[in-house]
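**Student:** Pasting in a structure now, in structure tokens, and then I'll have a few things to ask.
The values are calculated or read from the model by the stated rules, or taken from the named source; none is laboratory data. What you see is a predicted model; the values in this text were computed from it and never measured. Here Cβ is always computed from backbone atoms with ideal geometry, including for glycine, and neighbour counts include all displayed protein chains.
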Amino acid sequence: MLKHVTTDIEALQLLDQRLRWLSAWTIHHANHIRDSDDGLKVGGHQASCASMTAIMAALYFHALGPNDRVAVKPHAGPLLHAIHYLLGSQSREALENFRGFGGAQSYPSRTKDKIPVDFSTGSVGLGVAITLFASLVQDYLSAHGRLDDQDRGRFVALIGDAELDEGNIYEAIIEGAKHDVRNLWWIVDYNRQSLDATSADRMFERFDEIFRSCGWRVVELRFGKRLAAALDKHEALRTWFEQLPNAELSALHYQGGAAWRERIDAELGKTAAAFLKQHDDAALAALFTDLGGHCMESLIEAFDAAQDDVPTLFIAWTIKGFGLPFAGHKDNHAGLMNPTQLAALREAMGVREGHEWEPLEGLGDNARTGVQSLIERTRIAREKRDRSFGAVTVPAIPPPAGDEQSTQAAFGRILLDLSKAGGDLADRIVTTSPDVTVSTNLGAWVNQRGLFRRSEMPDVFAKAKIASAQKWGADNRGQHIELGIAESNLFLMLAAAGLSGDLFGTRLFPIGTLYDPFIARGLDALNYACYQDARFLLVATPSGITLGPEGGAHQSINPPLIALGQPGLRHYEPAFADELAAMMQEAFRLIDDPNGESTYLRLSTRSIQQVERADDGWREGALAGGYWLREPGGGAEAAIVAMGAVMPEALAAWEELSEDVPGLGLLAITSPDLLHRGWTAAQAARWAGQRNASHVERLLSRLSPTAGLVTIADAAPASLSWLGGVLGQRVAPLGVEKFGQTGSLAELYAAYRLDGDAIAEAVAELLLPA
Ligand SMILES: Cc1ncc(C[n+]2csc(CCOP(=O)(O)OP(=O)(O)O)c2C)c(N)n1
Ligand SMILES: [Mg+2]
């Protein structure tokens, strides 16, 4: 007798089962078996996993190649771990410690998980969109001769259907259409359920239209093979089934075969009598749950048919919680099987008690061989890639000459000089901006290095000999990626380009510019970029009320506070061009350093008199967060503490007051963020037995313990007022708490109390006897 040999489809179906079991068990173990000493809910999403086990089995064990990169729907994290467990690249300990300290993370994490995670996910929508920008970065690298063809891959996003409500997805596909992005597969787990309930029916018809109009191919996998065949034979049944609203469909899936029978009988009557006769309840339930996203043959067929580079949206119909007791129930999002239900599932899957963690438990000998062989043939990378750092020696960046300069103009000049000087760093810089390239002073750089487009875009105005300061032709050698006005896309672009070393082994130095207040528009995407440890330089300009008549809605107040609370992002706010040059040099170094981070430069259009420097003594302090621009006298009773664009007011006030206030110092703050970090780090180190004062403690200890500090910044006063807490000195905080008024600088500084008078009054207040 011929021995039955498991086909790949059968092996994939078995892997689908294994993934359903292992993901459910991992979550169950964390919630019901592992000891909990704090009584906190652990959680996990058995239903969200169960809905895409077939999709992920088909992808990872069949469709994906070694260069393909995937953003996995956050709540399917346990499935990704289960896949790597089957591949031998995830440990049992990590699964046993799912959601525990150092264990497999709740949502796939590039930085914390030990398995290769291509993109972190968690905040829905962002993981989807970053794949599009990563694909653009891949095309950029290829066009610049920095990526071999054999290293190119496809970018895949596994998407929850409710995730499709996130607007950032549509911002991304609009941008993608402009850049003709390709090599994207976005696969929607269309289980028609969100967190709270079932999804609205009306939107569904629209998704395919939206994607198609952005140049995507849309492939719908609605019915599995068996269901399609049954419906082909029965037109009335098909019409009835297709018109079932989402909520009804989910409820029927939950209720099972008897409910299907009753409903069909009630609504189709005689027409369906023969059909009902041919199927018992179990057969009815099995048939109607044969949706496209659970049918291995349909999935494989669809993936195999989409091998060109056209961006493709797959809409795979599924049932949330497929195969689990709460399948289809609208409240199943965070639902957990109880121990009895879990035991029933274990039995049904042929898993022996005590053998729950065995990767191929429950498979007979023949099947096991087929499954093992498929696992071995799987082409995806098992190991995390090394991160690529140390690509470039950052050259010294000299400050641009000029007695009067603004930091924004100096930024443009520094980039221009870098471009003209050439070299590896300049060649690896890629700039990007959401339609504010010219107004943030990137123009000269773009004139030099050109706009990037895969296919040439002529500079129509130049061809017509119409005078313009800005060249605007593009080709595939360009180094500036122009984006539409969508700040979320800017941050996702920076995230993707900032992960270029990790994703493609080639370090890029991404620089993004925008107006400071609009950071808030893309804040979650910025946080997302930092969370993944993408490395970039963010240049925010102009900022504050210092932009004067341009003012109004463009004034920014709180970004320094945002930066103060944002891990992975270092805030620098220079007053002078030489500080800026030092900071840019440092920012480039940090991009390419394993222990580095991203940098946020808050700049200004205000042109100010540059200071004379006796030596380079300021530099180290400026890079550490602050330095004495005017040294205080020993044990001085007062200091002016100023940041950024208001430095001329601080200097003038210092000149005026220092005759009357002996020892008055002027402390230039260049990074409240770094000072604060240093302060808390020094405190933590003290408990570990190291007693080194932090930079800010050293700076402030030059003053008397009872000294008063007048802090001033064109930003929320809380950016600096905390300095009083370091050594217990008193503070009079000046800064901006309201915005929206236009006016000349003098008028605004007077109105918001950022001028010399305000500083004098604040100093006086602090020095008055209590
Ligand atoms: C930006 C953001 N908002 C809210 C959440 C909380 N949340 C997690 S999953 C979810 C619904 C997911 O539904 P769907 O995308 O359809 O995934 P499913 O679990 O059904 O596959 C919500 C609202 C989140 N993770 N991110
Ligand atoms: Mg859903």
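**Student:** Report yes if TYR60 is touching a residue at least 12 places away in the same chain (Cβ under 8 Å), buried (at least 22 other Cβ atoms within 10 Å of the Cβ), farther than 19 Å from GLU358 by Cα and more than 16 Å from ligand 1 (Cβ to nearest atom), otherwise no.
**Tutor:** Yes, satisfied.
**Student:** Does any residue of region 507-514 turn out to be touching a strand residue (DSSP E or B) at 6+ places or on another chain (Cβ under 8 Å), hydrophobic (A, V, I, L, M, F, W, C) and outside any strand (DSSP E or B)?
**Tutor:** Checked against the condition, which is being touching a strand residue (DSSP E or B) at 6+ places or on another chain (Cβ under 8 Å), hydrophobic (A, V, I, L, M, F, W, C) and outside any strand (DSSP E or B), region 507-514 yields at least one hit.
**Student:** With a cut-off of at least 2 residues that are within 30 Å of GLY423 (Cα to Cα), name the helices (runs of 4 or more DSSP H) lying wholly within region 561-658.
**Tutor:** Answer list for region 561-658: 577-591, 617-624.
**Student:** Now for a separate question. Any residue in region 605-618 that is surrounded by fewer than 20 Cβ atoms within 10 Å (Cβ to Cβ), more than 26 Å from ALA391 (Cβ to Cβ) and of a type in the set (Phe, Trp, Tyr)?
**Tutor:** no
**Student:** Tally the residues that are buried (at least 24 other Cβ atoms within 10 Å of the Cβ) and charged (D, E, K, R), restricting the search to region 571-602.
**Tutor:** Here the count works out to 3.
**Student:** Out of curiosity, is ILE83 of a type in the set (A, V, I, L, M) and more than 16 Å from ligand 1 (Cβ to nearest atom)?
**Tutor:** Here the answer is yes, as ILE83 does meet what is asked.
**Student:** Given the structure, is GLN341 free of Cβ contacts under 8 Å to residues at least 24 places away in the same chain, more than 15 Å from ligand 1 (Cβ to nearest atom) and closer than 25 Å to THR131 by Cα?
**Tutor:** So GLN341 fails the test.
**Student:** Here is a further query. If you take the residues in region 659-681 that are within 17 Å of GLU620 (Cβ to Cβ), in a helix (DSSP H, G or I) and of a type outside the set (D, E, K, R), which one is nearest to the chain's Cα centre (by Cα)?
**Tutor:** Filtering region 659-681 for residues that are within 17 Å of GLU620 (Cβ to Cβ), in a helix (DSSP H, G or I) and of a type outside the set (D, E, K, R), the one nearest to the chain's Cα centre (by Cα) comes out as LEU674.
**Student:** For the structure I just gave you, tell me whether ALA24 is out of contact with any helix residue (DSSP H, G or I) (no Cβ under 8 Å at 6 or more places or on another chain) and within 16 Å of ligand 1 (Cβ to nearest atom).
**Tutor:** No; evaluated as a whole, the condition is false for this residue.
Quick grid of which residues meet (1) outside any strand (DSSP E or B); (2) surrounded by fewer than 19 Cβ atoms within 10 Å (Cβ to Cβ); (3) of a type in the set (Gly, Ala, Ser); (4) at pLDDT 95 or above:
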{"position": "ALA707", "(1), (2), (3), (4)": "no, no, yes, yes"}
{"position": "ILE712", "(1), (2), (3), (4)": "no, no, no, yes"}
{"position": "PRO733", "(1), (2), (3), (4)": "no, no, no, yes"}
{"position": "THR742", "(1), (2), (3), (4)": "yes, yes, no, no"}
{"position": "LEU754", "(1), (2), (3), (4)": "yes, no, no, yes"}
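**Student:** Name every residue in region 180-230 that is within 12 Å of ligand 1 (Cβ to nearest atom), closer than 18 Å to GLU301 by Cβ and surrounded by fewer than 20 Cβ atoms within 10 Å (Cβ to Cβ), in order of residue number.
**Tutor:** The answer is none; no residue qualifies.
**Student:** I would also like to ask the following. Residue under question is ARG385, and the condition is that it be out of contact with any Pro (no Cβ under 6 Å at 6 or more places or on another chain), in a loop (DSSP other than H, G, I, E, B) and surrounded by 13 or more Cβ atoms within 10 Å (Cβ to Cβ); does it hold?
**Tutor:** Yes, satisfied.
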